[in-house]
Amino acid sequence: PHAIHLKDYQPPEFLIDRVELHFDLDPDRTSVESRLELRRNPAATRGDGSLRLHGEQLELETVEIDGNPLTGSEYVLDPESLTLHRVPDRFSLLTRVRIHPSLNTALEGLYQSGDMLCTQCEAEGFRRITYFLDRPDVMARYTTTLVADRARFPVLLSNGNLIEECRLEDGRHLARWEDPFPKPSYLFALIAGDLRAIEDRFTTASGRAVDLKIFVEPHNLDKCDHAMRSLKKAMRWDEERFGREYDLDVFMIVAVSHFNMGAMENKGLNVFNDKYVLARPDTATDADFDGIESVIAHEYFHNWTGNRITCRDWFQLSLKEGFTVYRDQEFSADVGSRGVKRIADVRLLRAHQFAEDAGPMAHPVRPDSYIEINNFYTATVYQKGAEVVRMQANLLGPDAFRQATDLYFERHDGQAVTTEDFVRCMEDASGRDLSQFRRWYAQAGTPELTMQGDYDPAAGVYRLSVRQFTPPTPGQPEKRPFHVPLAIGLLGDDGEDLPLRLEGDSQAPAAGTRVLELKAEEETFRFVGLDSRPVPSLLRGFPAPVKLRFDYGDRDLLFLMAHDSDGFNRWDAAQTLMQRLLLALVRDPDHGVLDAFFDAFREALLDAEGDRALLAEVLTLPSEGYLADQMDLVDVDGIHRARAGLERAIGGRLRADLLAVYRANAAEGCGYVFTPEEVGRRAIRNLALHYLMQSPDDETLGLCREQFAAGDNMTDVMAALRLLADHGGAEGAEALECFYRRWSRESLVVDKWFAVQASSPREDALEQVQRLLSHPDFSLRNPNRVRSLVGVFSVANQVRFHAADGGGYRFLADRILELDPLNPQIASRLLKSMIRWRRFDRTRQALMCDELRRILDAEELSKDVYEVASKALE
Ligand code: B3K
Ligand code: ZN
């Protein structure tokens, strides 16, 4: 397999103005006829005049140019393309191919999911449907005709508006769809199935009525309300916040149960993993409700950021993904709790993106090269990309940023553009110079900011010196300094914010946060007019995706945790404190925990006025995975022991308080509602139960059992089930069994049942996971199921996955080798949990490398898995 490089980009030699597709749908044997209106691209640097169309796994039956059939000697076929030599400057091309959806286990292109047929084309799936210029800078207008058996496939959908529908002979019927907006092929979609829809209507700001439809299999019709509510909220928000209106008469969402990722923003016809659509209080947790709200919004927002304006090439992926994640994060912050949302986003970024940046697959937000683009739908492109947009939004301020996005939408509507075009709009609208800022797109790695403060009481000056350093990443041994926004506050003895007056300021600014901009490798800021040593609150709200090194004393952290006006930094202080304590306990099990720690924990816990969701975040210990990332040499067992020990100590020492919190936060009998307050209440209550159950007695076990039995909502039931299952014994087995019996027909709930067992820290977790492989409900062909068992075990069960005997690694490698021939995308994703082997001891390093080599030695490895495994061993 060979790499593709950004520097080799060439505009397409041909453009396609119109596409007419005709599908004769059958799961076993579908025929696809395509008519393309092609013309030479005036902007292209002339190639050799031939036309090379992408196509994979297609059985070609006919090729015609302007109505004249070609003979076999007039074209060249290989497994990846169809090449036509000597074609006119403008012509119509007809091809007819056969494909086999029921054999398509990779779930790319046209495939079968249960009884329905569906498509997934991003990034390069359209070439598995028909011969085409399958690249995002070729935008065409599509008309799609679908013909299928009427009884089996009563619903036939594609992009755009329905323009014709009729019955045919032999029980077949036809539907014709027309999409008036030019689009790249990756946004094409079709659906055929026996589906039902819930319908609603949305009137846009300019008064146009849009029909909204969510299609699901009939038995899921009662689980669509939350998705529909979320959609309407997102549509309104995008009008208000970004001035973006929807542009077709109908917006459709379809939920399918076999899906490689979360969802797909196909024009007018979003196709979703059903996990991000279906929710009823008794089947879905608060986290699921949250996920649905944000993924529905995300895909909807793509209509402008991705569809109307798309990417020139796949190196620009973050142009649409980073921006759209930023938009969905802002949406969730506005409709939920902003502070909690920021914490959740940063937690995710630190856990996944920082880890990625520190490993062998590290790449810039705009990668320079790839072997398989599907490997680059990463936390870096998505989450760090969103932070890069957020930094620009903050540097410009809300008004200029809105002008800049307006300019972007106006200037580039209908085009396929680059991240450079985006930044230029930011500059043109604001007058700011972002030339150094652009490095955020080009340089990989997480910058480390080392800060030092010292106070000169005689002069009343506090000096804050800042140094930035970014570690080398593959292919980038040296980095140049970034342009980093720093949001900083200084707290006085009373915990109040002080005015931040920099030396040379003509007047004192108001007390509060001040945004400084670091551009050099090293800089010192001098704050004047301070009567006593302030406590600095650094990087408030996490203004940049960086790591902070500052030598805080424990007292300062406790002080910030109690007083910082910035909620994010109160949380961060608590996390730093806990992280420090835990790492000390890893190094020395006898380290001991100060009373002050428990006092602070208790004080926070009993804060009756605080936002409970925020509190739950503050009181949650950093994960084992995150702690591992803070160590040069990961001590898997030490981390587990320390963290579990501290949780037990909290549960024991604060038992009475935790019980009080548990009781005070009982539901008030109004049934399940998904509001930030109620989510927060359930979160703090379940966290209290979690701590109590770390050293359970009859009373807490009783509470847990009661909650499991009584819970009318999945959030509480799952929390109790997890605790009972981890507790083990007859209680655990019984709860698991009872849960399975009740929910065995709800596939998404069965996923949870698998996941609970896969993430259990119990010593026999791997054995249990092995056993579950042969459970009748397990299948390698359903990505959600694979993720819930194999994915969860290898990502969320650090202590068992990294067991010193290598059993976890062998298990994972076996699954990857089984899965790769079926579904390379999922196989390659799973592999990512084994690539950072360098952080471990020699024994584990050797075990992981053995498995990576075993994988690389396999015959007929996919490009996906090859790229990850080979880069891991480089
Ligand atoms: N754009 C899709 C992701 C496609 C992934 C292809 N391997 C979903 C999203 O980000 O909205
Ligand atoms: Zn997206």
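The values are calculated or read from the model by the stated rules, or taken from the named source; none is laboratory data. Treat the numbers as computed from the prediction; the structure is a model and nothing was measured. For neighbour counting, all protein chains shown are included, and Cβ atoms are generated from backbone atoms with ideal geometry for every residue, glycine included. Protein only, heavy atoms only, side chains kept; ligands, DNA and RNA dropped before computing areas. Shrake-Rupley method; radii C 1.70, N 1.55, O 1.52, S 1.80 Å.
Take the residues in segment 299-308 that are within 10 Å of residue 270 (Cβ to Cβ) and assigned to a helix (DSSP H, G or I), then tell me which one is farthest from ligand 2 (Cβ to nearest atom).
If we take residues in segment 299-308 being within 10 Å of residue 270 (Cβ to Cβ) and assigned to a helix (DSSP H, G or I), then 300 is farthest from ligand 2 (Cβ to nearest atom).
Conditions (1) open to solvent by less than 50 Å² (accessible area, probe 1.4 Å); (2) among the small types (Gly, Ala, Ser); (3) within 16 Å of ligand 2 (Cβ to nearest atom), marked per residue:
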position: 194; (1), (2), (3): no, no, no
position: 198; (1), (2), (3): yes, no, no
position: 208; (1), (2), (3): no, no, no
position: 231; (1), (2), (3): yes, no, yes
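Within segment 442-476, count every residue that is without any contact (Cβ under 8 Å) to a residue 60 or more places away in the chain, within 17 Å of residue 521 (Cα to Cα) and outside any strand (DSSP E or B).
Final tally of qualifying residues: 2.
Cβ contacts < 6 Å: first residue in contact (Cβ under 8 Å) with a residue 40 or more places away in the chain and over 18 Å from residue 349 (Cα atoms), restricted to segment 557-577; second residue open to solvent by 40 Å² or more (accessible area, probe 1.4 Å) and of a type in the set (Val, Ile, Thr), any location; separation 6+ or different chain. Result?
Filtered contacts from segment 557-577: no entries.
Kindly indicate the residue of segment 308-320 that is in contact (Cβ under 8 Å) with a residue 40 or more places away in the chain and buried (at least 24 other Cβ atoms within 10 Å of the Cβ) and also farthest from ligand 1 (Cβ to nearest atom) among those meeting that condition.
315
Looking at segment 287-303, I want the residues that are modelled with pLDDT of 95 or more and open to solvent by less than 10 Å² (accessible area, probe 1.4 Å) and have a partner that is assigned to a helix (DSSP H, G or I) and within 11 Å of ligand 2 (Cβ to nearest atom) with Cβ atoms under 8 Å, at least 6 apart or on another chain. Which pairs are those?
So the pair list comes out as 297/327; 297/328; 301/324; 301/327; 301/328; 302/320; 302/324.
Filtering segment 358-382 down to residues that are assigned to a helix (DSSP H, G or I) and open to solvent by 10 Å² or more (accessible area, probe 1.4 Å), which residue is farthest from ligand 1 (Cβ to nearest atom)?
Among those that are assigned to a helix (DSSP H, G or I) and open to solvent by 10 Å² or more (accessible area, probe 1.4 Å), it is 379.
When you go through (1) open to solvent by 10 Å² or more (accessible area, probe 1.4 Å); (2) away from ligand 2 (no atom under 16 Å from the Cβ) one by one for residue 332, which number turns out not to apply?
Looking at each condition in turn, residue 332 falls short on (2).
So residue 99 fits all but one of (1) open to solvent by less than 10 Å² (accessible area, probe 1.4 Å); (2) within 16 Å of ligand 1 (Cβ to nearest atom); (3) of a type outside the set (Ser, Thr, Tyr); (4) over 20 Å from residue 38 (Cα atoms); what number is the exception?
(2)
When only residues in segment 71-126 that are among the hydroxyl-bearing types (Ser, Thr, Tyr) and under 23 Å from residue 155 (Cβ atoms) count, which is farthest from ligand 2 (Cβ to nearest atom)?
Taking the candidates together, the pick is 102.
Given the conditions (1) more than 21 Å from residue 333 (Cβ to Cβ); (2) out of contact with any strand residue (DSSP E or B) (no Cβ under 7 Å at 6 or more places or on another chain); (3) crowded, with 21+ Cβ neighbours inside 10 Å, which single one is not true for residue 238?
The single condition residue 238 does not satisfy is (1).
I need a count of the residues in segment 804-834 that are crowded, with 19+ Cβ neighbours inside 10 Å and either out of contact with any Lys or Arg (no Cβ under 9 Å at 6 or more places or on another chain) or touching a residue at least 60 places away in the same chain (Cβ under 8 Å) (or both).
Of the residues in segment 804-834, 15 are crowded, with 19+ Cβ neighbours inside 10 Å and either out of contact with any Lys or Arg (no Cβ under 9 Å at 6 or more places or on another chain) or touching a residue at least 60 places away in the same chain (Cβ under 8 Å) (or both).
Give segment 674-706 a look and list any residue that's of a type outside the set (A, V, I, L, M, F, W, C) and open to solvent by less than 10 Å² (accessible area, probe 1.4 Å), or say none.
Of everything in segment 674-706, those that are of a type outside the set (A, V, I, L, M, F, W, C) and open to solvent by less than 10 Å² (accessible area, probe 1.4 Å) turn out to be 680, 682, 691, 700.
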